[in-house]
Amino acid sequence: MKRLLITGAAGGLGHMLRDRLTHIAPILRLADIAPIAAPRPWEEIVQCDLADAAAVEAMVAGCDGILHLGGISVERPFAPIMQANILGLYNLYEAARAQGQPRILFASSNHTVGFWQQSDRLRPDCPYRPDGLYGVSKVFGEALARMYFDKFGQETALLRIGSCTERPENHRMLGSWFSHDDFLRLIEAVFRVPKLGCPVIWGASNNSRGWWDNSHLDWLGWQPQDNAEDYAAEIARQQPPPAPDDPLARFQGGLFTQFPIYKD
Ligand code: NAI
Ligand code: 15L
């Protein structure tokens, strides 16, 4: 791969990955609606609103792979979610179709299934149970990507990320944690495997208390190696476990299940 596009490059995960993906492609094109500081010699900076179709096509032109992190990443009013995660996804897939169909890793979310209980064990074909408008927008993104695969052969990894943080931060994350290193290893595998298709991938580490079954992915050459359990004793020392009926303990989506429909 010559040029990898990273959308949402000014965000938390984009910032973390920016310096860790230089071995994947000699040129990294970093895009965001927000300014991106201090480009290195191997980086191209593109300021682009995903809702602007022409700008998105220019952003995608010349790229051989896309790590799509850009968009609204938490619960918000419908208008910004619609612009970035719905119209933005359509613009991205139309741009990819016009520009040679570079492989895409789509950062979907556990909030597509947030109303499942933490006692449930989910396979990739489980019914969606989004926990808010944000989760619904990621369901749209997954459906759009699947349609572009079935209709045009556009390959996408549908990555339902759990909680991608440096270390698990609370009791819920003992199930949902996705270590930075496991994410990096997954990106390598997604862009290395000769044939990807359009699989659902649970973005989680090898957590003893995990909720998601990735056993359908033997062919991908990815084995998550970290385990949130290594931090369980530390978390137990720092914070009391939530009561069993607390949404943080009941639902996979945790507190997102409790958010209202925000109006502004
Ligand atoms: P973030 O909110 O820090 O970064 C998202 C970036 O997208 C921001 O820099 C923002 O400026 C940009 N953006 C927002 N609207 C845009 C628009 N209209 N046009 C262009 N860029 C726009 O989010 P984070 O944590 O880095 O997550 C990256 C992706 O991974 C997001 O899509 C998020 O939904 C997904 N994800 C992240 C998880 C996590 O644990 N961090 C968990 C599940 C999913
Ligand atoms: C997400 O989808 C969010 O982007 C991230 O900020 C976290 O809230 C994560 O899910 C989570 O569920 O922990």
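Quick notes
- When the range 1-32 is filtered for residues that are within 16 Å of ligand 2 (Cβ to nearest atom), assigned to a loop (DSSP other than H, G, I, E, B) and without any contact (Cβ under 8 Å) to a residue 40 or more places away in the chain, only Ala10 remains.
- If the condition is being among the aliphatic types (A, V, I, L, M) and either on the phi > 0 side of the Ramachandran plot or without any contact (Cβ under 8 Å) to a residue 24 or more places away in the chain (or both), then the range 33-44 contributes Ala37, Ala38.
- Spans of helices (runs of 4 or more DSSP H) in the range 172-264 with at least 2 residues open to solvent by less than 20 Å² (accessible area, probe 1.4 Å) and more than 16 Å from ligand 2 (Cβ to nearest atom): 180-192
- The set of residues in the range 191-206 that are over 18 Å from Cys126 (Cβ atoms) and more than 14 Å from ligand 1 (Cβ to nearest atom) comprises Phe191, Arg192, Val193, Pro194, Lys195, Leu196, Gly197, Asn206.
- Arg103 meets the conditions (1) closer than 24 Å to Trp212 by Cα; (2) open to solvent by 20 Å² or more (accessible area, probe 1.4 Å) in every case but one. The failed one is (1).
- Look at the range 56-70: where a residue is closer than 13 Å to Ala157 by Cβ and a partner is part of a loop (DSSP other than H, G, I, E, B) and away from ligand 2 (no atom under 16 Å from the Cβ), sitting 6+ places away or on another chain with Cβ atoms under 8 Å, you get Gly65/Met1; Gly65/Ile24; Gly65/Ala25; Gly65/Pro102; Ile66/Pro102; Leu67/Leu21.
The values are calculated or read from the model by the stated rules, or taken from the named source; none is laboratory data. Since the structure is predicted, the reported quantities are computational estimates derived from the model, not experimental observations. Cβ coordinates were reconstructed from backbone atoms using ideal geometry, including for glycine residues, and neighbour counts include every protein chain displayed. Only protein heavy atoms, including side chains, enter the accessible area calculation; ligands, DNA and RNA are left aside. Shrake-Rupley method; radii C 1.70, N 1.55, O 1.52, S 1.80 Å.
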